[in-house]
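As structure tokens, the structure follows; a few thoughts come after it.
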Amino acid sequence: MTIAPHHSLWEEYCAETGRSGPSPSSDQFGDTPELADELLALVFKGQKQATCELKIWFDSRGHKLPEIGDQWIITDGFGTEQCIVETTQVDLCSVREVDEAFAWDEGEGDRSLGFWKDAHDAYYTRQAARDGFAYSDEMTCVCERFILVWPPRISA
């Protein structure tokens, strides 16, 4: 019996699309395996088309801010590669300035701005406690919209 070699999601994407280059970075949504899986499911449903992170997260880790055209791999709560998305828009604003349209595009909960603010205030407060900074809704956040590019299907 021959065992087929393991191919990463990026290798599959490149083979099917003719794209080449090094694999982009990968990350999960949220800060727990359960939340990562829940938010990933929303991407596959086509409901989650945006994400938001505090700018301090990028600065403290030495990561560049996302740019239009960047691609990245989303993993599930176990760190397994699940899909590739491409950044279509990046805006910087304070957490307080996030609007209803962005909350809707993030696709979480009832998609309202109220839900978005409650969920993100809680998430950013947990992040601040872990990373040793004081959270305020005056902090700059990076609002990123994206499209699902691989796999080329959306499942329910």
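Quick one: among 75, 17, 125, which has the greatest mean-square fluctuation in a GNM of the chain with alpha-carbon springs under 10 angstrom?
Answer for the Gaussian network model of the chain: 17.
Springs between alpha-carbon atoms under 10 Å, Gaussian network over the chain: tell me which of 100, 53, 86 tops the mean-square fluctuations.
The residue with the greatest mean-square fluctuation here is 100.
Suppose each label sits 7 Å from its Cα in the direction of the beta carbon; what would the residue 16-residue 115 distance come out to in nanometres?
That separation, rounded to one decimal, is 2.9 nm.
Rg and Dmax in Å for the range 25-150, alpha carbons only: what are they?
Looking at the range 25-150, its Cα Rg and Dmax stand at 13.5, 37 Å.
Could you state the angle between the C-alpha long axis of helix 33-45 and the longest principal axis of the C-alpha atoms of the chain, as a value from 0 to 90 degrees rounded to the nearest 10?
Taking the Cα atoms of the chain, the angle to 33-45 is about 70 degrees.
Expressed as an acute angle from 0 to 90° and rounded to the nearest 10, what is the orientation of the C-alpha long axis of helix 113-131 relative to the principal long axis of the chain?
The answer is roughly 80 degrees.
Where nothing but the Cβ of Lys and Arg (+1) and of Asp and Glu (-1) is charged, how large is the charge dipole of the range 61-117 around its Cα centre, in debye to the nearest 20?
Roughly 260 debye for the range 61-117.
Mind checking the dipole of the chain: about its Cα centre, +1 per Lys or Arg Cβ, -1 per Asp or Glu Cβ, Debye to the nearest 20?
Approximately 260 debye in magnitude.
In the chain, once you exclude exposed trypsin sites (Lys or Arg not before Pro) (DSSP loop, at most 16 other Cβ within 10 angstrom), what's the longest stretch remaining? Can you show the working numbers first?
Values: sites that count: 19, 64, 111, 153.
Between the exposed loop sites, the longest stretch runs 65-110.
How high is the relative contact order of the range 45-156, in percent, with contacts defined as C-alpha pairs under 8 Å that are six or more residues apart?
Computed over the range 45-156, the figure is 42 percent.
Under a 10 Å cutoff between Cα atoms, tell me which one of 25, 112, 94 has the largest fluctuation in the Gaussian network model of the chain.
25
Computed from the coordinates by the stated procedures, all read-outs in this text should not be read as laboratory data. A quick note: this is a predicted structure, and the numbers were derived from the prediction, not measured. Note: ideal-geometry Cβ built from the backbone for every residue, glycine included; neighbour counts use all protein chains shown.
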